[in-house]
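Working notes for the structure below.
The values are calculated or read from the model by the stated rules, or taken from the named source; none is laboratory data. All values reported here derive from a predicted model rather than from experimental measurement. Here the Cβ positions follow ideal geometry from the backbone for every residue, glycine too, while neighbour counts run over all protein chains shown.
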Amino acid sequence: MENNTSILGFIFQHRKAVFSSTIIGALLGLTITFFIPKKFNSTAVVYPYSAYSKNDIVENPQFGYEIETEQLMQLMESQTMRDRTIKKFNLQKYYDIDTSRPAWRSELTLNYVEDITFLRSKYLSVVVNVQTTDPVFSAKIANYQIEEINNYRQEIFAKNRSNELEGSKKMLDKIQSNISTLKDSIYAIKTDKSEVLYAFIQNLDNDNYDASAFADDPRLEDILDNYVSEYKRLQIAREDYKRKFEKFAMPMPSVYVIDRAEPNFKKVSPSFVINILLGALTLMILSITVLLVRNKWLTLKEDLNRK
């Protein structure tokens with residue numbers, strides 16, 4: 001309590017100096033604010049894509065869940081999206097960065113992540129905030145994020161889906177080639193073309209069908225077993241390829257755009273009030289510190305002179 005009283009008494013004793021420094025600090029904060037570039041914020045809001053297919057969405061429309069929101073955040077914050085945005089809007093020129101310096105990429109990245117941010121709301125939407133010195137420019141960058149993210153996501157999945165489809169097609173072709181070879185081997189032994197191999201396959205599930213009537217040569221036994229096995233694999237492979245082909249041709253669900261960014265001509269920074277208060281508080285604390293140090297020095301000097 002005594003310390004508090006002594007500090008307050010000290011401030012009151014030097015109230016003129018403290019008051020003057022506070023006013024000067026406020027004026028400095030006001031003056032500096034005029035030289036700080038104004039920044040304008042634009043916001044876009046999207047809900048994540050649904051993990052379900054188009055048909056499922058038609059029957060049960062809904063937004064994505066938490067996992068889709070996290071995935072969307074990761075994609076938007078990725079280096080690829082950052083590079084695309086930088087290239088699209090030539091941000092190194094906007095930030096006036098000298099690309100001849102070794103650290104220019106790091107400097108550009110720091111400016112980017114400071115001005116372009118992504119937040120997950122409590123409702124599982126993703127909020128895109130962009131701050132630049134031009135309100136129209138801010139809106140363009142924010143809208144680019146919600147438009148380009150679909151393209152980027154589809155490019156990622158397209159390669160994997162294409163590889164899966166290609167692998168399924170190769171398997172189908174291989175099985176068809178095996179069947180063709182086995183068929184040639186069968187008819188090399190069974191030269192009577194009137195006995196159709198297809199009819200033999202179709203009648204295998206018929207309890208009244210006598211398979212031995214067709215397999216009338218001992219050499220056919222193993223070949224026909226392999227043929228039947230490959231024929232069953234062929235049906236599975238065809239269904240697998242058909243299913244993957246249909247999914248590959250189907251467009252992927254897109255993000256749900258709730259709010260597109262609009263130019264906001266009300267600046268978000270710098271704030272005159274904050275800078276004035278900050279300047280006043282900074283210089284007031286500095287002046288009190290200097291007065292305390294000066295007072296302590298004078299006291300020590302008096303004590304030394306007395307000795």
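Could you tell me whether Leu119 is in a helix (DSSP H, G or I), modelled with pLDDT of 90 or more and out of contact with any Lys or Arg (no Cβ under 6 Å at 6 or more places or on another chain)?
Working: in a helix (DSSP H, G or I): no; modelled with pLDDT of 90 or more: yes; out of contact with any Lys or Arg (no Cβ under 6 Å at 6 or more places or on another chain): yes.
The answer is no for Leu119.
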Kindly indicate whether Arg161 is under 19 Å from the mean Cα position of the chain (by Cα), part of a helix (DSSP H, G or I) and touching a residue at least 40 places away in the same chain (Cβ under 8 Å).
no
Determine the pairs where a residue that is closer than 14 Å to Val228 by Cα, located within region 172-201, has a partner that is outside any helix (DSSP H, G or I) with Cβ atoms under 7 Å apart, the partner being 6 or more residues away or on another chain.
Phe200/Phe214
Looking only at residues that are under 15 Å from Val255 (Cβ atoms) and among the β-branched types (Val, Ile, Thr) in region 142-183, which one is surrounded by the fewest Cβ atoms within 10 Å (Cβ to Cβ)?
Ile156
How about region 175-199: which of its residues are modelled with pLDDT under 80 and within 25 Å of Asp240 (Cα to Cα)?
Leu197, Tyr198, Ala199
So Trp104 ticks every box in (1) without any contact (Cβ under 8 Å) to a residue 24 or more places away in the chain; (2) buried (at least 16 other Cβ atoms within 10 Å of the Cβ); (3) of a type in the set (A, V, I, L, M, F, W, C) but one. Which box is left unticked?
(2)
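Just for region 26-71: of the residues that are in contact with a Phe, Trp or Tyr (Cβ under 7 Å, 6 or more places away or on another chain) and of a type in the set (A, V, I, L, M), which one is modelled with the lowest pLDDT?
The initial filter retains those residues of region 26-71 that are in contact with a Phe, Trp or Tyr (Cβ under 7 Å, 6 or more places away or on another chain), namely 30, 33, 40, 46-48, 50, 63-64, 68.
Now drop any that are not of a type in the set (A, V, I, L, M), which leaves 30, 46.
Details: Leu30: 72, Val46: 91.
Looking at residues that are in contact with a Phe, Trp or Tyr (Cβ under 7 Å, 6 or more places away or on another chain) and of a type in the set (A, V, I, L, M), I get Leu30.
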Condition (residue is in contact with a Leu (Cβ under 8 Å, 6 or more places away or on another chain), outside any helix (DSSP H, G or I) and modelled with pLDDT under 95) applied to region 87-110: is it met by at least one residue?
yes
Among Tyr209, Tyr227, the single one that is modelled with pLDDT under 85, among the aromatic types (Phe, Trp, Tyr) and touching a Ser or Thr at 6+ places or on another chain (Cβ under 9 Å) is Tyr227
So, in region 217-270, exactly how many residues are part of a strand (DSSP E or B) and out of contact with any helix residue (DSSP H, G or I) (no Cβ under 7 Å at 6 or more places or on another chain)?
6
Quickly run through region 107-123 and pick out the residues that are surrounded by 17 or more Cβ atoms within 10 Å (Cβ to Cβ) and over 15 Å from Ser138 (Cβ atoms).
Leu108
May I ask you to list pairs of residues, at least six apart or on different chains, whose Cβ atoms are under 9 Å apart, with the first in region 139-155 being closer than 20 Å to Asn41 by Cβ and without any contact (Cβ under 8 Å) to a residue 60 or more places away in the chain and the second being among the β-branched types (Val, Ile, Thr) and in a helix (DSSP H, G or I)?
Tyr144/Thr85
